[in-house]
Amino acid sequence: MRLAPDSPVRCRISVRPRTLALATFLLICVALLVPWSRTQFLLGVGAALVAQDTLAHADVIVIGPDVGEAGVLEAADLVAVGMGSHVAVLGVPTTMVSLEFRRRGLPYTDASTQLVALLHVLGVPNAEVLGPSANGTEEGAARLAEWSVRQNVRSIIVVTGPDHSRRFRRVLRRSLAGSGTRVMVTVSRYSAFTSARWWHQRGTLRTGLIELQKLLLDVLRHPLG
C-alpha cells in the first residue's frame with residue numbers, strides 16, 4: 001500500500017498493561033538496589049511526571065478531574081493575579097451513590113458542584129461545571145476540546161495534580177490539535193504529590209508508580225506526542 005505524500009502517519013504500539021506494570025516494577029527495584037543512584041532516579045521519575053507551562057492570561061481556567069480542592073485553591077489564586085476570570089470545573093463521573101439519591105428524590109450535591117461552591121466562597125463568581133461528566137483522562141480531554149470549540153475558547157489554563165500533569169498535557173494537546181486553542185497546563189501547589197518527595201509517603205508513592213505506568217503506556221502508544 002502506498003501513502004500519499006501528505007498522508008499523516010500515526011504510530012500506535014499495543015502493550016499489555018500487565019507487561020508494562022511488571023517492567024516498571026522491575027525498573028524501580030533495580031534502581032533502588034543501587035544506593036548512589038536511588039535518589040537521583042526517584043527525583044528524575046518525579047520530574048518526568050510533572051509538567052508546568054509558562055502561563056499567560058487565558059479565556060478560561062479549567063480545574064481537572066484529579067485535583068479536587070487543591071485545584072480550587074490554585075484556580076482562585078490564578079484569578080486573583082489576573083490570569084483569568086472564568087473558571088470551569090471538569091465534571092466528575094456520576095457515582096452509584098449520586099444516582100441513588102436522585103432516584104429517591106433527595107437533594108444531592110455532587111463533587112463538581114461542591115467545587116464550584118468553594119470557588120464562590122473564595123471570591124470567584126464566574127464559575128461553572130463543565131459537563132457532562134467524563135470517565136478517564138482521554139474522555140475528559142475530548143469533552144474539554146468539544147466544549148472549547150463550541151464556546152470559541154482560544155486559550156485555556158488547565159489546573160491539574162502534579163503527578164497527572166504531563167500525561168494530561170499530552171492527551172489535551174492531541175485532543176486540541178488543529179482547533180486553534182492554546183492550552184497551558186499548571187499544577188496545584190497545594191497537592192500532596194511533589195516531585196522532590198513523592199516516594200516518602202505510601203500514598204504518593206503508590207500514586208507516582210501508577211501514574212508512571214500510565215505515562216509510559218501513553219508514550220508507547222503515541223510516541224510523537
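Restricting the first member to segment 105-116 and to residues that are surrounded by 16 or more Cβ atoms within 10 Å (Cβ to Cβ), and the second to residues that are of a type in the set (S, T, N, Q), the beta-carbon pairs closer than 7 Å and six or more apart or on different chains are Asp110/Ser98.
For segment 203-225, filtering for residues that are under 14 Å from Arg166 (Cα atoms) and small (Gly, Ala, Ser) leaves 2.
Considered as a group, the residues in segment 157-182 that are crowded, with 24+ Cβ neighbours inside 10 Å and over 23 Å from Phe41 (Cα atoms) include one that is farthest from the chain's Cα centre (by Cα), and that residue is Ile157. Exactly one residue among Gly140, Gly64, Gly46 is outside the structural domain of Gly178 (by TED's automatic domain parsing), of a type outside the set (A, V, I, L, M) and closer than 17 Å to Arg169 by Cα, and that residue is Gly46. Exactly one residue out of Glu128, Glu146 is under 16 Å from Val89 (Cα atoms), of a type outside the set (A, V, I, L, M, F, W, C) and in contact with a strand residue (DSSP E or B) (Cβ under 7 Å, 6 or more places away or on another chain), and it is Glu128.
Candidates in segment 209-223 are the residues that are surrounded by 15 or more Cβ atoms within 10 Å (Cβ to Cβ) and either charged (D, E, K, R) or touching an Asp or Glu at 6+ places or on another chain (Cβ under 7 Å) (or both); of these, the one that is farthest from Glu69 (Cα to Cα) is Asp218. Note on segment 77-98: among residues that are under 14 Å from Pro125 (Cα atoms) and of a type in the set (Val, Ile, Thr), the one that is surrounded by the most Cβ atoms within 10 Å (Cβ to Cβ) is Val89. For segment 54-73, a tally of residues being part of a helix (DSSP H, G or I) and either touching a Ser or Thr at 6+ places or on another chain (Cβ under 8 Å) or free of Cβ contacts under 8 Å to residues at least 24 places away in the same chain (or both) returns 3.
Rundown of residues vs (1) in contact with an Asp or Glu (Cβ under 9 Å, 6 or more places away or on another chain); (2) surrounded by fewer than 14 Cβ atoms within 10 Å (Cβ to Cβ); (3) not assigned by TED's automatic domain parsing to the domain that holds Ile61, yes/no style:
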site: Ser155; (1), (2), (3): yes, no, no
site: Ser188; (1), (2), (3): yes, no, no
site: His200; (1), (2), (3): no, yes, yes
site: Thr207; (1), (2), (3): yes, no, yes
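For segment 134-225, the helices (runs of 4 or more DSSP H) that sit wholly inside it and include 3 or more residues that are among the charged types (D, E, K, R), within 21 Å of Ala58 (Cα to Cα) and out of contact with any helix residue (DSSP H, G or I) (no Cβ under 7 Å at 6 or more places or on another chain) are 136-150, 162-176.
The values are calculated or read from the model by the stated rules, or taken from the named source; none is laboratory data. What you see is a predicted model, and the numbers here were worked out from it, not measured in a lab. With ideal geometry, Cβ positions are generated from the backbone for all residues, glycine too; neighbour counts draw on all protein chains shown.
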